[in-house]
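J.: Below is the structure I would like to discuss, written out as structure tokens.
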Amino acid sequence: MSAGEAIDWGALKVAALAMQTRAYVPYSEYRVGAALLTASGEIMTGCNVENATYGATCCAERTAVFSAVAAGHTAFRAIAVATHGADAGTPCGICRQVLAEFSADGALEVVCFTPEGAEARYTLAELLPHAFRLK
Ligand code: THU
């Protein structure tokens, strides 16, 4: 999968599901897996990592973004986010703002889904209109 090609949503979702098994969630037991498709076609992943202070917890989406940036990727086409239940969870506000840092036009495609069969698709601009930008 590389820039310009159709997005392989299946591959992205499989990667997000695999990440759910790595979630470190002793407090909420709410497993989240995220898979980011880079502009160059790689898939970078992350899971939520909780902390006894609660506040130091990092969401799956941010784990994926920070891992991707650390690996040299700053351009992204899409993100798949796997949660659980009858309704798919959407990225929290902080994660939306972090994603916006790397999606200046808000065109990043976001698919939120669960293994139970829920699925919803958005653009980042739909999820976070008027993102904060340093002018
Ligand atoms: N969580 C995420 O991983 N992504 C989100 O966008 C929302 C919440 C995690 C944080 C915490 O580990 C658990 O879900 C419950 O809030």
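J.: Counting other Cβ atoms within 10 Å of each Cβ, which GluC sites (Glu not before Pro) in segment 1-91 have at most 10 and sit in a DSSP loop?
T.: Filter output for segment 1-91: Glu5, Glu29.
J.: Would you please name the chymotrypsin sites (Phe, Trp or Tyr not before Pro) within segment 1-97 that are DSSP coil residues with at most 12 other C-beta atoms within 10 Å of their C-beta?
T.: Counting only loop positions with at most 12 other Cβ atoms within 10 Å, the chymotrypsin sites (Phe, Trp or Tyr not before Pro) in segment 1-97 are Tyr27, Tyr54.
J.: Within segment 96-115, what residues put their amide N at less than 11 Å from the label point 7 Å along the Cα-to-Cβ vector of Thr74?
T.: Answer for this model: 102.
J.: Using only the Cα atoms of the chain, what do you get for the radius of gyration and for Dmax, in Å?
T.: Expressed in Å, the Cα Rg and Dmax of the chain come to 13.9, 43.
J.: Could I ask something else about it? Quantify, in whole percent, the carbon and sulfur part of the accessible surface of the chain (1.4 Å probe; protein heavy atoms only).
T.: Taking all protein chains in place, the chain shows 56 percent carbon and sulfur surface.
J.: Moving to a separate point now. Rounded to a whole number of µm²/s, how large is the Stokes-Einstein D of segment 34-102 at 25 °C and 0.890 mPa s, given Rh as the Kirkwood radius over C-alpha pairs?
T.: Taking Rh from Cα pairs, D becomes 198 µm²/s.
J.: Write down the accessible area per residue of the chain in Å², having rolled a 1.4 Å probe over the full set of protein chains.
T.: 51
J.: Placing +1 on the Cβ of each Lys and Arg and -1 on the Cβ of each Asp and Glu in segment 90-135, which of His130, Phe113, Ser103 has its Cα farthest towards the positive end of the resulting dipole?
T.: His130
J.: Additional query: Among Cys58, Pro26, Ala16, pick out the residue whose Cα is farthest towards the positive end of the charge dipole of segment 1-75, where Lys and Arg carry +1 and Asp and Glu carry -1 on C-beta, about the Cα centre.
T.: Ranked along the dipole, the leading option is Pro26.
J.: Can you give the calculated 222 nm mean residue ellipticity of the chain, where each DSSP H run of n ≥ 4 adds -39,500 (n - 2.57) and the sum is split over every residue, rounded to the nearest 500 deg cm²/dmol?
T.: Taking each H run of at least 4 residues, the total per residue is -7500 deg cm²/dmol.
The values are calculated or read from the model by the stated rules, or taken from the named source; none is laboratory data. Since this is a predicted model, take the numbers as computed values, not measurements. As a convention, Cβ positions derive from the backbone with ideal geometry for all residues, glycine included, and neighbour counts pool all protein chains shown. Surface accessibility is based on the protein's heavy atoms, side chains included, excluding ligands, DNA and RNA. Shrake-Rupley method; radii C 1.70, N 1.55, O 1.52, S 1.80 Å.
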